[in-house]
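Values in this text are rule-based calculations from the coordinates and carry no lab data. All values derive from a computational prediction rather than experimental measurement. Glycine also receives a Cβ, built like all others from the backbone with ideal geometry; neighbour counts cover every protein chain displayed.
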Amino acid sequence: MQSSPWTFISDRFLSPSRIWALAIILALCLWTVCLVDFAMPGLFDRAGNIKFQDFLQFTISARLIKDGRAAQLYDDQILARGIRTIIGRDTQVFLQYFYGPQVAAPFISLSSFPFLIQAGIWVTLSLAMYFACVYLVWKRCLSLQRYRVLVLVCALAYPPLFHFFVRGQLSAVISVSFTAAYLALAQQRDFLAGVALGFLVFKPQFLVGILLVLLLARAWRTFAGLAVSAGVQLALTAVYFHRPVMHAYLTKVLHSAGNPGSTELVFSPIQMHSLYSFWEILIPWPPGVWALYLLTSAAVVAIAVKTWSSSAAVSLRFSALLFAAVLVNPHIYIYDLLALAPAFLTLTDWLLQNPQHPSQRRLSGLLYLAFLLPLFGPLAYWTHLQISVAVFAAILWTLRQIQSSLAPAI
């Protein structure tokens, strides 16, 4: 239909020249802001925030492990004291360590450096991991081969990358896990794909949707790989850190899972992009939030199961799993949307290969919105509507419709 919103978006914004212009403008705006903000010497940026603030919890936790004080990893007062020691004064910055003890262990090797050098080394390594992931997925996208520089600029302009960088987060590790899983699936190595997904156990909320989809879709080889990978990691961690530390970790995780609002700062929900945060912003009634979250999560999982169980291309099947994992994840900030990078690449490649498909314009328009909308998440403070979540759900539904329209493999 010529009057559809997808036709308007496609005609007005999705020509190669306009995508080029948008990507360049967005990249320049984001990284110029970052450069100006971080140009201030010292620990604080121009806005008065701590540079790479979220990395504080990892360097402090690594120091505790190094000093034989791993039992204090989940003591919020110890973490607060460590933050004050690093910045040299009292602060309103409040962080909680929700990760397994094994997550901080690799950062022990950086503990002899000042905080900013540690964080700088980590974000540099993370950028290398992210762009390596983009390159490896792009290499498998034959129709994207002629857009090498445009893909690079879009990867640089992706809003979650900016947020991951300024916060000093671990999102690049998530990208590595999902990218490795996609590459394994593309080579029909389902067990290895599960092994790669199992490394997401360091952020177990990502595994909620994935485990349900794989289990209900009877993807036994991938499910087994995930279970073995995650199980071995947790077992080795328990052997090294012993029972008291693991008990403190599990207590922290379970409390967070049962009371997500208690672990968030006042503006946290508007920075999140999942079904839970969508209903939390829209409906100020916790029982209703939980009921709608569980109901819509069940629908998302059901749609992803149907798509995953089909004979559709791995790009469609894996992208459905990715969007389901994000939507069902109850605690996902914008920087962890870095996980969706493989889906943007593989789905764009599919669109280029199928220009006449009836859903082509709708999917391309939704991907365009999904790329940009996380940047405008704070508007939900006034609108009480996190539109990005609705767009992610619409993409998942569109993938299901595309899968249904395709002829089964012979």
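Can you put Lys51, Lys306 in order, fewest other beta carbons within 10 Å first?
On the way: Lys51 20, Lys306 17.
By the 10 Å Cβ count, ascending: Lys306, Lys51.
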Problem set entry | Kirkwood hydrodynamic radius (C-alpha pairs) into Stokes-Einstein, region 63-218, 37 °C and 0.692 mPa s, D in µm²/s | 181 µm²/s
Seminar exercise, completed: CD proxy, 222 nm, the chain: helix-only mean residue ellipticity via -39,500 (n - 2.57) per DSSP H run with n ≥ 4, per residue, nearest 500, stands at -21500 deg cm²/dmol
For this session: Please count, across the chain, the pairs of lysine residues with Cα atoms under 29 Å apart that sit 8 or more places apart or on different chains.
Result: 9
Problem set entry | Inter-centroid distance (Cα atoms) of region 223-253 relative to region 183-201, Å | 20 Å
For this session: At 7 Å along the Cα-to-beta-carbon direction for both Phe38 and Ala21, put a label point, then send me their distance in nm to one decimal.
Result: 3.0 nm
Exercise. Gaussian network model of the chain, Cα springs within a sub-10 Å range: biggest mean-square fluctuation belongs to which of Leu183, Leu43, Leu156?
Worked result: Leu43
Problem set entry | Hz values of 3J(HN,Hα) by residue in region 207-216 - Karplus curve (6.51, -1.76, 1.60), Gly and Pro given as x | 7, 4, x, 5, 4, 5, 5, 5, 5, 6
Exercise. Given that compact globular proteins tend to follow 2.2 N^0.38 Å, what is the ratio of the alpha-carbon Rg of region 15-405 to that value?
Worked result: 0.97
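Please give the FRET efficiency for Arg69 paired with Trp290, using the beta carbon to beta carbon distance and R0 = 51 Å, rounded to the nearest 0.05.
Working: r = 36 Å, r/R0 = 0.72.
The pair Arg69/Trp290 has a calculated efficiency of 0.90.
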For this session: Provide the descending list of Cα extents for region 274-324 along its principal axes, expressed in whole angstroms.
Result: 41, 14, 9
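So how do Ser268, Ser229 line up by other beta-carbon neighbours within 10 Å, fewest first?
On the way: Ser268 15, Ser229 21.
Ordered by Cβ neighbours within 10 Å, fewest first: Ser268, Ser229.
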For this session: Quick one: what are the phi-derived ³J(HN,Hα) couplings along region 109-126, Karplus 6.51/-1.76/1.60 with θ = phi - 60°, whole Hz, x for glycine and proline?
Result: 5, 9, 5, 7, 8, x, 4, 5, 5, 4, 5, x, 4, 5, 5, 5, 5, 5
Exercise. In degrees between 0 and 90, to the nearest 10, how far off the longest principal axis of the chain does helix 360-372 point, with axes built from Cα atoms?
Worked result: 20 degrees
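What shape does region 129-242 have by the C-alpha gyration tensor, where a ≥ b ≥ c are the square roots of the eigenvalues, rounded means a/c under 1.5, and otherwise prolate means a/b greater than b/c and oblate the rest? Don't skip to the answer; put the middle values down first.
Details: a/c = 2.45, a/b = 1.42, b/c = 1.73.
The shape class here is oblate.
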Seminar exercise, completed: Calc'd 3J(HN,Hα), region 195-200, phi into Karplus 6.51 cos²θ - 1.76 cosθ + 1.60 (θ = phi - 60°), Hz, glycine/Pro = x, comes to 4, 5, 5, x, 5, 6
Exercise. Taking a ≥ b ≥ c as the square roots of the eigenvalues of the Cα gyration tensor of region 1-106, is the shape rounded (a/c under 1.5), prolate (a/b larger than b/c) or oblate?
Worked result: prolate
Problem set entry | Cα-only Debye scattering, region 333-386: base-10 log of I(q)/I(0) at q = 0.12, 0.15, 0.20 Å⁻¹ | -0.35, -0.52, -0.78
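Per residue and in Å³, how big is the convex hull formed by the alpha-carbon atoms of region 146-188? Don't jump to the answer; show the numbers that get you there.
Numbers: hull volume 3.0 nm³, N = 43.
Cα-based convex hull of region 146-188, divided per residue, equals 69 Å³.
In whole Å, what three semi-axes, largest first, describe the equivalent ellipsoid of region 191-255 built from its Cα gyration tensor (square root of 5 times each eigenvalue)? Let's see the in-between values first.
Details: eigenvalues 110, 37, 12 Å².
After diagonalising the Cα gyration tensor, the semi-axes are 23, 14, 8 Å.
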